[in-house]
Amino acid sequence: MKKQVFNPFLPLNVCIPDGEPHIFGDRVYLYGSHDKEGGETFCMLDYTVYSAPVDDLTDWRCEGVSYRADQDPDYHTSDRKFMYAPDVVQGNDGKYYLYYCMSGRDGVGGYFGPISVAVSDSPAGKFEYLGYVKYPDGSPMQKYVPFDPGVINDNGTIRIYYGTQYADEYDPEFRNKDWAIKEVMKRFNKSYEEVVNTTESVMGPVMLTVEDDMLTVKEDAHHIIPYYTPGTSFEDHPFFEASSIRKIGDTYYFIYSSWQNHELCYATSKYSDKDFVFGGTIVSNGDIGINGVEEQNRLNMTGTTHGSIENINGQWYVFYHRLTHKSDYSRQACAEKITINEDGSIDQVEITSCGLNDGPLEAKGAYPAGIACNITNGHMPHGCNRIYTDSFPNVTNIGEDRFIGEICDNTLIGYKYFDFAGCKNVSITTRGKGEGSFKIYTELGGEPVGEIKVSATNEWTKLTADVNITDGTHPLYFIYNGTETVDLKEIEF
């Protein structure tokens, strides 16, 4: 079997969410935060960079730790000490600049902000702390809420996009709350009386520019889309977080995570800092919006998403992440091909197992079960800042064993897509307390093409069934019906 790549495209024990793909030279680099497999909260590990040749996306390599949390002077051990979603841009001096925000600061800037900067001579790092985004007088820039910076070198102008937005500001009592007033006072250097009488928002997506030193504010931060969205094109998909920016021709594409918190959306404008209009959803990590799928019948556990788009060797891709381990804290990098239409629009794409691969996967040999793109028992949860303790099917691990666990009655496990040619049988490696069977389908709602019966066992057991699958490209679905729960480690053709 030729070398292939599938989702997630990094090793199954690696969790690099919040992916920002950039091409520097002849390689594409993936920058992101770094979750711990089975972690207890977000972004527990230091930044680690992966890269691949632009002409071979099957060949990803780890460039190593590019930057450590304890390199930041605001690093502290008394509280959370993690680094959230970063971005990297090449400065006008040819060096590479890493922009990020620390979590739980107790130093300069308070809990939110400022935006820190590190620098390297190489896009892979290692990066060295440079400073934080600041005003000409040296004071830290902490206007609005510095979070999730996305950066672009726009023909020599360095633009930083950032922000977050919560429903609190839609509460008519928001400005009467002491904590809100104090927050706005700090952000905008206003008096108590000025805050009570202002309509200025402390939240929402904003942009600023910096000087060639990559630190000093040149153009101060201001909103790029309305922070109050009712009556605008953003009404049904308000900005939440995950700012990312791309320029395609003369059009700016602002990519962000919406309040729905499972989808990457985009907005476009001919200007860098105004007149953005909502474009649509690019991808949902629960396939919500694809083929009539709604939130209540999402095809995966859903949760935070963050990513961006990149043109690699003539093909556009969207990079995003999926959830594992029944939480928001072990997120893995995935990607899908997308198309920029002639009118500049981007249609929503379904999530797949083949992702970056040059076409469907070959229905030959063995694959880890964890590359499934759809895992659902019919009522999957939406994860938000928590680890679930109730039982439902999920990608997980015990030591070096990585598998889909807690598969219960009526669980669907889907893979898209395989190129079937002469496939006569399918095997699975499974274990568990369950007694029942996996029926095999190549079409939802169709007739099964095979069935594998399972019995209770504590040991991983390979089971095989003959299948009747026509040649061609098809999805592959397993539906478990039985008692108790079972685990699935591998599928094989």
**Q.** Selected residue (criterion: farthest from GLY91 (Cα to Cα)) from residues of the range 125-156 that are surrounded by fewer than 22 Cβ atoms within 10 Å (Cβ to Cβ) and of a type in the set (A, V, I, L, M)
**A.** LEU130
Q: Kindly indicate the residue of the range 281-303 that is open to solvent by less than 10 Å² (accessible area, probe 1.4 Å) and not acidic (Asp, Glu) and also modelled with the lowest pLDDT among those meeting that condition.
A: GLY303
Q.
Which pairs turn up if I take residues in the range 374-388 that are in contact (Cβ under 8 Å) with a residue 40 or more places away in the chain and look for partners that are basic (Lys, Arg) with beta carbon separation below 8 Å, at least 6 apart in sequence or on another chain?
A. ASN374/LYS416; THR376/ARG298; MET380/ARG298; HIS382/ARG298; GLY383/LYS326; ILE387/LYS326; TYR388/LYS326
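Every residue, every condition in (1) out of contact with any Asp or Glu (no Cβ under 7 Å at 6 or more places or on another chain); (2) part of a loop (DSSP other than H, G, I, E, B), yes or no:
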| site | (1), (2) |
| --- | --- |
| GLN332 | yes, no |
| LYS337 | yes, no |
| GLY344 | yes, yes |
| GLU350 | no, yes |
| SER353 | yes, yes |
| LEU356 | yes, yes |
| GLY370 | yes, no |
Q | Unique match (being open to solvent by 40 Å² or more (accessible area, probe 1.4 Å), under 30 Å from THR209 (Cα atoms) and touching a residue at least 60 places away in the same chain (Cβ under 8 Å)) among ILE23, ILE16 | A | ILE23
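So how many residues does the range 430-445 have that are open to solvent by 20 Å² or more (accessible area, probe 1.4 Å) and under 27 Å from GLN4 (Cβ atoms)? Full working, then the answer.
Initial filter on the range 430-445 (open to solvent by 20 Å² or more (accessible area, probe 1.4 Å)): 431, 433, 435-436, 439, 441-445.
Within this subset, residues satisfying the condition of being under 27 Å from GLN4 (Cβ atoms) are 431, 439, 441-444.
Number satisfying all stated conditions: 6.
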(Q) What are the pairs with Cβ atoms under 6 angstrom where one residue, in the range 57-72, is more than 26 Å from VAL318 (Cβ to Cβ) and the other, located anywhere, is open to solvent by less than 20 Å² (accessible area, probe 1.4 Å) and among the hydroxyl-bearing types (Ser, Thr, Tyr)? Sequence gap at least six, or different chains. (A) VAL65/THR48; ASP72/SER116
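Just to check your reading of the model, which residue among GLU173, GLU169 is open to solvent by 40 Å² or more (accessible area, probe 1.4 Å) and either out of contact with any His (no Cβ under 7 Å at 6 or more places or on another chain) or modelled with pLDDT of 95 or more (or both)? First the steps, then the outcome.
Values: GLU169 fails: open to solvent by 40 Å² or more (accessible area, probe 1.4 Å).
The unique qualifying residue is GLU173.
Which of the residues spanning the range 30-42 are under 19 Å from HIS306 (Cβ atoms) and open to solvent by 20 Å² or more (accessible area, probe 1.4 Å)? Working first, answer last.
Applying the first criterion (under 19 Å from HIS306 (Cβ atoms)) to the range 30-42 yields 30-37, 39, 41-42.
Those that are under 19 Å from HIS306 (Cβ atoms) and open to solvent by 20 Å² or more (accessible area, probe 1.4 Å): HIS34, LYS36, GLU37, THR41, PHE42.
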(Q) Scan the range 116-139 and tell me whether some residue there is of a type in the set (A, V, I, L, M), under 21 Å from ALA221 (Cβ atoms) and at pLDDT below 95. (A) no
Q) Do you know which of the residues in the range 323-355 that are closer than 24 Å to PHE276 by Cβ and open to solvent by 30 Å² or more (accessible area, probe 1.4 Å) is nearest to the chain's Cα centre (by Cα)? A) GLN348
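Just give me the residues in the range 4-14 being farther than 21 Å from ILE309 by Cβ and either modelled with pLDDT under 95 or of a type outside the set (A, V, I, L, M) (or both), in sequence order. Don't jump to the end; show me each part of the working.
Within the range 4-14, the subset farther than 21 Å from ILE309 by Cβ is 4, 11-14.
Those that are farther than 21 Å from ILE309 by Cβ and either modelled with pLDDT under 95 or of a type outside the set (A, V, I, L, M) (or both): GLN4, PRO11, ASN13.
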**Q.** Condition broken by PHE493, with the remaining ones in (1) surrounded by fewer than 13 Cβ atoms within 10 Å (Cβ to Cβ); (2) more than 27 Å from the chain's Cα centre (by Cα); (3) not hydroxyl-bearing (Ser, Thr, Tyr) satisfied
**A.** (1)
Q: Would you mention how many residues in the range 287-330 are of a type in the set (D, E, K, R) and part of a strand (DSSP E or B)?
A: 2
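Check the range 293-301 and report whether any residue there is within 28 Å of ASP401 (Cβ to Cβ) and of a type in the set (D, E, K, R). Can you show your working first?
If we filter the range 293-301 for residues that are within 28 Å of ASP401 (Cβ to Cβ), which is where we start, we get 298-301.
Cutting the leftovers down to of a type in the set (D, E, K, R) gives us 298.
The answer is yes, given that some residue of the range 293-301 is within 28 Å of ASP401 (Cβ to Cβ) and of a type in the set (D, E, K, R).
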Q: Name the residue, out of PHE240, PHE188, that is open to solvent by 20 Å² or more (accessible area, probe 1.4 Å), modelled with pLDDT under 95, over 24 Å from LEU130 (Cα atoms) and within 20 Å of the chain's Cα centre (by Cα).
A: PHE240
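The values are calculated or read from the model by the stated rules, or taken from the named source; none is laboratory data. All values derive from a computational prediction rather than experimental measurement. Glycine also receives a Cβ, built like all others from the backbone with ideal geometry; neighbour counts cover every protein chain displayed. Protein only, heavy atoms only, side chains kept; ligands, DNA and RNA dropped before computing areas. Shrake-Rupley method; radii C 1.70, N 1.55, O 1.52, S 1.80 Å.
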